Amino acid sequence: MESIDSLPGNTAIIGKWFFRLENSKGEQDAIQKCLRWFNNQPDPSSYRDAVEPCPCTLRQAFFDERFQWTTPEAPFTYCVYTRFPSAANRGRQCCYHTRFDGRFGALIVGYPNGGVIHQYHKLASRSLALKHQFSDVLGLKYCCVQSKLCQRFYRKRPSEGCENYLPPVWSKLQFFFFVVCFFFSGPLG
């Protein structure tokens, strides 16, 4: 009778065997991290105040200088981000439909793919950008990308409509300069 130590194992090395003792695809760790993130986050009502509301349409967002283009987290969306932090250093991401199905340019609200309020503005300073990574980005990663608990992410980082949005008032001089720049330098550049 041969000993298991003298047989080639499943590693092609004599006596070395590896067996998986669990049936995980790596999601369990992300679920635990998401739940830990969720339980450590404050109630969103504590940081929703005085954040610039989203423009209702992609066209409004394009012309509103209070927002700048940012990389979307979801495919088939355009997103803008508040250019300046609120008084409490908060930020807001607003995302819009890009499919030509009758919703093109409409604000996406809520799960999935809607923009969110960020507890820390990602563009204000290095220290806030670091807090933004740990507080806002990791929550999205653990709850929406690596697991299927995205609803929890949106409970702590709510997405809101555009009910309180007021478009900027353009002066005649601003409009004149826009038209001159557009026609003499071409669209956006």
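Quick note: the coordinates plus some simple rules give every number you see, no bench work behind them. Since this is a predicted model, take the numbers as computed values, not measurements. Please note: Cβ atoms are built from the backbone with ideal geometry, for glycine as well, and neighbour counts cover all protein chains shown.
If you build the convex hull over the alpha carbons only and average its shadow over all orientations, what do you get for segment 24-159? Give it in nm² to one decimal.
Across all orientations, segment 24-159 yields a mean hull projection of 8.4 nm².
Go ahead and run the numbers for FRET between residue 28 and residue 71, Cβ-Cβ distance against an R0 of 35 Å, rounding to 0.05.
In this case the efficiency is close to 0.75.
Rank the residues 57, 71, 11, 82 as a footprinting-exposure proxy: fewest other Cβ atoms within 10 Å of their Cβ go first.
Exposure proxy ranking, most exposed first: 71, 11, 57, 82.
Residue by residue through segment 76-85, which ³J(HN,Hα) values in whole Hz follow from phi under the Karplus form 6.51 cos²θ - 1.76 cosθ + 1.60 (θ = phi - 60°), with glycine and proline marked x?
Coupling constants for segment 76-85: 6, 9, 10, 10, 10, 9, 4, 5, 10, x Hz.
Rounded to the nearest 0.05, what FRET efficiency do residue 137 and residue 14 give with R0 = 35 Å and r taken as the Cβ-Cβ distance? Could you check?
In this case the efficiency is close to 0.15.
7 Å from Cα along Cα→Cβ at both residue 45 and residue 125: what's the point-to-point distance in nm?
Computed distance between label sites residue 45 and residue 125 equals 3.0 nm.
Please find the FRET efficiency linking residue 36 to residue 166, where r is the Cβ-Cβ separation and R0 is fixed at 25 Å, and quote it to the nearest 0.05.
Calculated value: 0.05.
Once you charge only the Cβ atoms, +1 for Lys and Arg and -1 for Asp and Glu, what is the size of the charge dipole of segment 24-159 about its Cα centre, to the nearest 20 debye?
Computed about the Cα centre, the dipole is about 240 debye.
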